Amino acid sequence: MYLETCRNMLKLLTLMLIVTFVSCQPMPGKEDALKQNQKGIDYMNEGKYDQAIQEFSAAVKNANLSNLSKGTIYRNIALAYNELGKKDSAIHFYTIAAKAYRKNSYDYIVNMANVDMLTGRVNTALVKLTKAAGVNPEDLSVNNMLGLIYLGDYGSEFTDYEKALLYNKKAFDISGGRITEDILGRSYYELKNFEMAEMHYENIHNQYPGEVVYTLNLAMTKYKLKKKSEADVFFNKVMAQDSSYRETIAVFRNAN
């Protein structure tokens, strides 16, 4: 199967899993840092990772921030570097973020699990994440990370689509964002529940019709449901948006 969206987003986040400050009520002197952090998040959502890093880096220098808030921003910096494919920098900032928290606390474990995943120690990351899920099962990060591991994105030996669905559904229930919905759609697709995959992919496509990978995923799902005339409409939209997908579509059709 060829679903490209998740592959492009795989750098953990994955999932654009951007976190905000621990407190919703900014303390005096934190307002500027809060605005800069939010601006960085906005840049991340637009795919402007270099600009995001500039905003996060400026925000984390604010002398009025608590260590916990700094840990949050350092994690955001790590996520942005991860999206840029700068693994060493991502590892560096995940490690700094972890040190902002009490050792073996939830946030410490999750950040160090990111380090493990980026250094190929997925089994070690799984141990940490399973522990973290026990501590805070309703947090977005741990559910998304486990969901991606069990989708096989960090090694086919870890693939377990039923577990992936469990974690990715919870991640979507927590955030309701387009990234988590796309991953949830992929989970249903891998389990051959094409009706549910179609529902999620249609929702994403309707919200972001200009995103070619969302159009492609919807077309493939409709093709699997034998809705070939509808699928052709979306395949044509994909090729109109980006003709380089012509070969991808041809390979998919021949395989299905």
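The values are calculated or read from the model by the stated rules, or taken from the named source; none is laboratory data. Quantities reported herein were computed from a predicted structural model and do not represent experimental measurements. Reconstructed Cβ throughout: ideal geometry from the backbone, glycine too, with neighbour counts over all protein chains shown.
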Return a yes/no flag: does the range 213-222 have any residue that is in a helix (DSSP H, G or I), under 17 Å from the mean Cα position of the chain (by Cα), more than 27 Å from Glu138 (Cα to Cα) and aliphatic (A, V, I, L, M). yes
Those residues of the range 178-201 which are part of a loop (DSSP other than H, G, I, E, B) and closer than 23 Å to Ala125 by Cβ amount to none
Taking into account only those residues within the range 134-154 that are out of contact with any Ser or Thr (no Cβ under 6 Å at 6 or more places or on another chain) and in a loop (DSSP other than H, G, I, E, B), which is farthest from Asp116 (Cα to Cα)? Glu138
Please pick out the residue among Ala90, Ala98, Ala78, Ala59 that is crowded, with 19+ Cβ neighbours inside 10 Å, at negative phi, of a type outside the set (D, E, K, R) and touching a His at 6+ places or on another chain (Cβ under 9 Å). Ala78
Meets criteria (assigned by TED's automatic domain parsing to the domain that holds Val110 and either of a type in the set (S, T, N, Q) or over 15 Å from the mean Cα position of the chain (by Cα) (or both)) for Glu157: yes
Residue in the range 17-32 that is of a type in the set (Ser, Thr, Tyr) and at pLDDT 90 or above present: no
Write out, first by first residue and then by second, each pair whose Cβ atoms fall under 8 Å of each other, whose residues are 6+ apart or on separate chains, and whose first residue, in the range 141-155, is in contact (Cβ under 8 Å) with a residue 12 or more places away in the chain and within 17 Å of Glu181 (Cβ to Cβ) while the second is assigned to a helix (DSSP H, G or I) and acidic (Asp, Glu). Leu151/Glu190
When residues of the range 44-70 are filtered for being outside any helix (DSSP H, G or I) and not acidic (Asp, Glu), how many remain? 8
Could you identify the single residue in Ile77, Ile41 that is assigned by TED's automatic domain parsing to the domain that holds Tyr94, in a helix (DSSP H, G or I), aliphatic (A, V, I, L, M) and within 14 Å of the chain's Cα centre (by Cα)? Ile41
In the range 98-118, what residues are of a type outside the set (A, V, I, L, M), within 18 Å of the chain's Cα centre (by Cα) and more than 19 Å from Ile73 (Cβ to Cβ)? Asp116
Can you say whether Leu166 is at pLDDT 95 or above, crowded, with 20+ Cβ neighbours inside 10 Å and either over 18 Å from Ile183 (Cβ atoms) or not small (Gly, Ala, Ser) (or both), as far as the supplied structure shows? no
Given the structure, is Asn236 over 25 Å from the mean Cα position of the chain (by Cα) and assigned to a helix (DSSP H, G or I)? yes
Counting only residues that are closer than 15 Å to Thr159 by Cα and not basic (Lys, Arg), how many does the range 185-197 have? 5
